[in-house]
1. If you wrap a convex hull around the C-alpha atoms of region 1-101 and split its volume per residue, what is the figure in Å³?
2. By per-residue mean of other Cβ atoms within 10 Å, what is the highest-first order of 181-190, 33-42?
3. Quick check on the chain: helices-only [θ] at 222 nm, where DSSP H runs of length 4 and up contribute -39,500 (n - 2.57) each and the sum goes over total residues. Nearest 500, please.
4. How do R133, R209, R81 rank when sorted from fewest to most other Cβ atoms within 10 Å of their own Cβ?
5. Where in the chain are the helices, taken as whole DSSP H runs, whose Cα atoms extend 27 angstrom or more along the long axis and whose Kyte-Doolittle mean reaches at least 0.0?
6. Going by how many other Cβ atoms sit within 10 Å of their own, how do S136, S161 line up, fewest first?
7. Ranked by Cβ crowding within 10 angstrom, fewest neighbours first, how are W112, W140, W145 ordered?
8. Based only on Cα atoms, what Rg/Rh ratio does region 94-212 have, Rh being taken as Kirkwood's radius?
Amino acid sequence: MPSSDQGANPPVGLIRAQRWGRAVALGLTGLRAALAPALVACGIAHAGGLAAAALVAGFVSDVFDGVVARRFGVSTAGLRRFDSITDIAFYLAALFCAWCLQPQVLRAYATWIALVVGTLILDHLVERWKLGRVASYHAWTAKLWGLTLFAALVLLFARGSGTLVPLAIACGLLSNLEDFAITLVLPAWRHDVPSVVHAWRIRVESSRRSAA
């Protein structure tokens, strides 16, 4: 028969694993935050190759911080909000870098880029107004936008080509529109809402519980 100390070992091991997982997830997100000023510096120095490398490192950290957080069960609301805020800072720095490196490409799509940024700001204002804080949905359309934006910027930094910029802009508008719809549908703040369909299900379930 196992002793009480042995029986207590699994919870202690789990706590240690979660602490380790949280530290790794925070470290990966923090790496992306640190790469934001590095991208600004690359833009000022017109170092396209280094900017592409920093972008790749940031994208990899963005993928694996969520994987680690979910794997160790530490995907908390605070961690996800930190991830969302870091994403915004990182890609704003990448946008500045792109302007320094290839201003002619950004000028060609200036109106559409301004529309993407404007709808993103509007989304956050509506989130603050209705839910009291900035959302952290990590919706599927947002993941698609992140992937296309990453590909467009790498191509822009490394090759000076804006071929994928229109696709990234279209995915950005789609993501912002869905985020706006999710905010309007949700009855209260939630993190990790994959789509507006999921938001509607949350609203229906909340209404059922209120009526019960």
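What follows is calculated from the coordinates using simple rules that are stated; it is not laboratory data. Model, not experiment: these values are computed from the prediction. All Cβ positions, glycine included, derive from the backbone under ideal geometry; neighbour counts span all protein chains shown.
1. Taking only Cα atoms, region 1-101 has a hull volume of 83 Å³ per residue.
2. 33-42, 181-190
3. -29000 deg cm²/dmol
4. R209, R133, R81
5. Passing helices, by number: 4-45, 48-71, 77-101, 110-131, 140-159, 165-185.
6. Listed from fewest to most nearby Cβ atoms, that is S161, S136.
7. Exposure proxy ranking, most exposed first: W140, W112, W145.
8. 1.09
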